[in-house]
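Asks: Just dropping this structure here.
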Amino acid sequence: MSGHSNYFVRGTIAVSLLIASVFVSFSSQAASCGKVTNSSTYWYACDGVRVTQSINTTLSNNSVSDFRVVDDRVVWKYTRRSGSGTTARSESAYYTNLTTGGSITQFTQLANSSFSEDEAVQELQVVGNRAVWRFFDGERNCNTTCRSNYAYYYVCLSDANIYTITDIARQSFSENESIVNFSMNFATDRSSWTYFDGRNSYSRQKTLASCNPQIQLDKPYAPRVSVSGRTVTLNWTAVPNAESYKRQVSVNGGPWKNTYVLTGTSKTYYNYAYGTYKYRLSACIGDNCSSWSNASNTITVSESGLSAPSSVSASVSNRTVTLNWSSVANADWYEREVSVNGGAWKNNYVLNGTSKTYFSYAYGTYRYRLRACNNSACSSSWTYSNTITVK
């Protein structure tokens, strides 16, 4: 682009020196933005990229004004004018674009001004990704029948959908509503004002929806669950950026239910009712949550208060078979069954300790299962070994 340029500079913290109508920033990441004039045409550009409409001052009375640089965006007022005298008319609105260019987007209402119309965008504030303003919608040259109303609005510049903040204040010959002392705390997303309905004043407050883009959280890995007696422990892997987790449970194969919020990566429950349980989790930042994880393993809380051994393994050396299993708290003995050559479970034997060796086994394939027992009952679930072959 050629032509004379008056540049403004954006930076997170920028110290500027005015040198020959050029603002120079000490921030290496700043975008240099300003007005570019080429003969009878002008526009605004950032780092050589045009970011506003082009205005031909010979062919039109249109204009770009109130140009601002806000972080990685620019905003400005664009006005189109036509006619003269009593037919004069103007339309204006505020627009935004990235400092790198891309898409010019209108983000306020279109304000019309003519012999009979008196609309305006007023008190525009822009901080970060949020813009707040007052829109005045009035009439003129109508004497005592003139009516007007106004309210405060906001947008998130990244989506440009307009949302209402305040009540609408209506004014006419018979109405005298007003909004005063409007303030916006951009750090907390909270606005406040006083609304007068013609007789009484009311303090109003509103927290606006966040304009920060939502972080897309990963789905958690399937949680892991263990049981000891009637104590159930749920463990899971942390998800980056997650602040909390939602937990659901399926009891006895039923639907997912009982949504609770958890923090950390572990939760222990005591005195669980008898039955089977599995869990799933969703990672959250506030109300922004991921999809649900795959289901955890299923555990059983049995009437005996015993869980099945957490592991059972079988090994073979020649025709000698050794069976090992994990100890279960409060178990007095273990029941063992065997499946031979893929057949039915049979030969229920009582075992003690955590190991048993068998000699001179017959040829074939073998798989075992064990459960823990005490004088009250046995665990309702079994734990299964690997399959071995004696040959």
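Laboratory data are not the source of any read-out in this text; all were calculated from the coordinates shown. It should be emphasised that the depicted structure is a prediction, and the values quoted were computed from it without experimental measurement. Cβ sites come from the backbone with ideal geometry, for glycine too, and all protein chains shown count toward neighbours.
Asks: GluC sites (Glu not before Pro), restricted to region 259-353: which are DSSP loop and have at most 15 other Cβ atoms within 10 Å? List each step's numbers first, then the result.
Replies: Values: sites: Glu303, Glu335, Glu337; in loops: Glu303.
Taking region 259-353 and a limit of 15 other Cβ atoms within 10 Å, the loop GluC sites (Glu not before Pro) found are Glu303.
Asks: Which of Gly353, Val321, Tyr363 sits closest to the plus end of the dipole of region 312-390, meaning its Cα is farthest towards the positive end, when Lys and Arg get +1 and Asp and Glu get -1 on the C-beta?
Replies: So the residue we want is Tyr363.
Asks: Summing Lys, Arg as +1 and Asp, Glu as -1, what charge do residues with Cβ under 12 Å from the Cβ of Leu370 carry, Leu370 excluded?
Replies: Within the 12 Å Cβ shell, the charges total +3.
Asks: With r defined as the distance between the Cβ atoms of Thr276 and Asn347 and R0 fixed at 22 Å, what FRET efficiency is calculated, to the nearest 0.05?
Replies: 0.25
Asks: On a full-extension model of 0.36 nm per residue, what is the gain between Tyr202 and Asn141, subtracting their alpha-carbon distance, rounded to one decimal in nm?
Replies: Working it through step by step, the gained length comes to 18.7 nm.
Asks: Of all the C-alpha pairs in region 312-390, what % are more than 14 Å from each other?
Replies: Every Cα pair in region 312-390 considered, those over 14 Å come to 59 percent.
Asks: Give me D for region 162-266 in µm² s⁻¹, whole number, from Stokes-Einstein with Rh from the Kirkwood sum over alpha-carbon pairs, 37 °C and 0.692 mPa s.
Replies: In µm²/s, the coefficient is 173.
Asks: A further question on this structure: Per residue and in Å³, how big is the convex hull formed by the alpha-carbon atoms of region 107-213?
Replies: Once divided by residue count, the hull of region 107-213 is 87 Å³.
Asks: Looking at the chain, how many pairs of lysines come closer than 25 Å at the Cα, when each pair is eight or more places apart or spans two chains?
Replies: The result is 14.
Asks: Write down the Å³ per residue value for the convex hull defined by the alpha carbon atoms of the chain.
Replies: Numbers: hull volume 105.9 nm³, N = 391.
Output value, Cα hull per residue: 271 Å³.
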